[in-house]
């Protein structure tokens, strides 16, 4: 099963943020890099959390509801976020992205759909589902390099 996931086509796209706006490497006061995970698919959320952990980073979440995601985005010390665009009950994750933009925290959208608003927001990267583990790692690295 793991090998099958690695062989899936990975559509990955880097965002286009001007170099002047890039923030450079950051770390928490305790030296840990914290990445928020937002996805309502429990299995995928667990896989993302494990990938973040294996990269030596600290996962925050995962959470699968818009309310919980907004609360964490507003209150937690974060260095990046992985955001599933469509959550339960057809809710979109855009309010979370707006909080992160305001706080100048880089984020990556994860989606199986093409939406104009995804292209209009300043995400560091967009992962198109299904994606491979290597594409996920590349997206996380894009967050850390932002």
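Each value in this text was obtained by applying a stated rule to the coordinates, not by laboratory testing. All values derive from a computational prediction rather than experimental measurement. Heads up, the Cβs are rebuilt from the backbone with ideal geometry, glycines too, and the neighbour counts pull from every protein chain shown.
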**Item:** Diffusion constant of the stretch 35-146 at 20 °C, which comes from Stokes-Einstein with the Kirkwood Cα-pair radius and 1.002 mPa s, µm²/s
**Value:** 158
**Request:** Count the DSSP beta bridges whose two residues both fall in the stretch 58-146, then state the antiparallel fraction as a percent rounded to the nearest 5.
**Result:** 10
**Prompt:** Relative contact order for the stretch 62-141: what is it in percent, counting Cα pairs under 8 Å that are at least 6 residues apart?
**Reply:** 25
**Message:** Which of 39, 145 has the fewest other C-beta atoms within 10 Å, and how do the rest follow up to the most?
**Reply:** 145, 39
**Message:** Taking R0 as 22 Å, what FRET efficiency do you get between residue 104 and residue 53 from their Cβ-Cβ distance, rounded to the nearest 0.05?
**Reply:** 0.35
